[in-house]
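Heads up: the structure comes next, in structure tokens.
The values are calculated or read from the model by the stated rules, or taken from the named source; none is laboratory data. Here the structure is a predicted model, which is why all the values come from computation and not from measurement. Backbone-built Cβ (ideal geometry, glycine too); neighbour counts: all protein chains shown.
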Amino acid sequence: MQTLNDLFLIVAVFLRGIMTSLGFPHLLSDAVMGLISFVAVAALLMVNIILILWVDRRAASFFQERLGPNRVGPFGLLQSVNDAVKLIGKESILPRAADRRVYKLAPLLVFTVAMMLYGLLSYGRGMSPVNLNAGLLFFVALSSTSTIAILMAGWGSNNKYSLLGGMRTVAQVISYEIPLAFSMLGVVMLSGSMNLRQISAAQHGLWFVFLQPIAFFVFMVSALAELTRSPFDMTEAEQEIVAGYHTEYSGMRFALFFMAEYANLFSVAALGATLFLGGWEGPILPGYLWFIGKTWAMVLLILWLRWTFPRARVDTMMKFSWKFLIPLSILNILLTGVGIKIYQYITR
């Protein structure tokens, strides 16, 4: 079982051994291993996008009592591939009055940020493409930069509906980033680290979701708002602003926004699984299987919430953050600090 648990580490050591025996310089070996990690992360990203899109459609059809995609491939599994081929073949139209550089750069930035987040996750014991001591802080900081790219898309399109969607994104993400960050502080206080590997290891025997139920609730609500998923999808509310910030995008430029949305869904679900469900910690099965299973449980929970609740009003959504979630998250930090001090006093 230990061999299965360390399977990918053993493969990495084996590949490094081959390169050393062939006389590769240490710098070149690191570059090759970095390239292999990049290809693995990119492959995981694309597979997850296809699977989550299919599950999202099937979940929607289940909740709405209809069939959903079932024509292309077994159970409609190849529908996402079919959509990808369709988008590749579509003409990418550039609006005449658009700011060409900003318009073209925005979708690339959004997808690049989504891909970089996958490199920060801890997929198993010792299985982090990039292991940072402040990995959690860097994850939050990096994910927030996609807001700038979305605002660029709205501004560069020179369309009032696109600009409205971009401005809504800025207001929404800034409002919900505060309780999202505060919800993570309780986990940091309990684990004593912002390293995602160490946070997972600190939950050996007891997941933080049982010690931080308030933080988990705040995290889930804030994560939905950060992902601009229903009931917080005000940035692209079809009934109000056509399609929001990507109204003027078509072809592969639109596809990059579309793929980034589902890629971010998996990365945020993986972060939630790491912070509250123990990440790769678990008995019997290899750590990476526990990580994938917990992450997909979080994905299904987010999709369930999406197809259950109606869209919130803009003013209601903003008030909910500033008047309820932020005070609640601050209260959770206070309770966590008091609980830690009581525990230290009892066990000293």
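Assorted remarks:
- Within the range 47-77, the residues that satisfy the criterion of being touching a residue at least 60 places away in the same chain (Cβ under 8 Å) and either β-branched (V, I, T) or closer than 26 Å to M116 by Cα (or both) are N48, I49, I52, L53, V55, D56.
- Beta carbons closer than 9 Å, at least 6 apart along the sequence or on distinct chains, pair a first residue in the range 324-335 that is touching a residue at least 24 places away in the same chain (Cβ under 8 Å) with a second that is outside any helix (DSSP H, G or I) and not small (G, A, S) for N332/Q212.
- The listed residues are G166, G192, and the only one of them that is out of contact with any helix residue (DSSP H, G or I) (no Cβ under 7 Å at 6 or more places or on another chain) and either over 17 Å from M116 (Cβ atoms) or surrounded by fewer than 20 Cβ atoms within 10 Å (Cβ to Cβ) (or both) turns out to be G192.
- Single unsatisfied condition, A106 versus (1) farther than 13 Å from A255 by Cβ; (2) in a helix (DSSP H, G or I); (3) in contact with a Ser or Thr (Cβ under 6 Å, 6 or more places away or on another chain): (3)
- Candidate set: the range 74-83, residues that are surrounded by fewer than 18 Cβ atoms within 10 Å (Cβ to Cβ) and in contact with a helix residue (DSSP H, G or I) (Cβ under 7 Å, 6 or more places away or on another chain); chosen: the one farthest from A255 (Cα to Cα): L77
- Entirely in the range 1-93, the helices (runs of 4 or more DSSP H) that have 3 or more residues that are at pLDDT 80 or above, at negative phi and out of contact with any Gly (no Cβ under 7 Å at 6 or more places or on another chain): 26-63, 79-89
- Residue match in the range 127-135 (condition: modelled with pLDDT of 85 or more, crowded, with 16+ Cβ neighbours inside 10 Å and either under 30 Å from S250 (Cβ atoms) or hydrophobic (A, V, I, L, M, F, W, C) (or both)): no
- Applying the set (1) surrounded by fewer than 21 Cβ atoms within 10 Å (Cβ to Cβ); (2) under 14 Å from the mean Cα position of the chain (by Cα) to P231 leaves exactly one unmet item: (2).
- Considering (1) farther than 16 Å from F219 by Cβ; (2) in contact (Cβ under 8 Å) with a residue 12 or more places away in the chain; (3) of a type in the set (S, T, Y), the lone condition that S321 does not fulfil carries the number (1).
- Failed condition for V140, given (1) closer than 30 Å to P286 by Cβ; (2) crowded, with 19+ Cβ neighbours inside 10 Å: (2)
- Selection from the range 26-84 of residues that are β-branched (V, I, T) and farther than 24 Å from S230 by Cα: V32, I36, V39, V41, V72, V81
- Residue within the range 210-224 that is out of contact with any helix residue (DSSP H, G or I) (no Cβ under 7 Å at 6 or more places or on another chain), of a type outside the set (V, I, T) and in a loop (DSSP other than H, G, I, E, B) present: no
- Annotation: P310 fulfils all but one of (1) within 23 Å of F63 (Cα to Cα); (2) assigned to a helix (DSSP H, G or I); the unmet one is (2).
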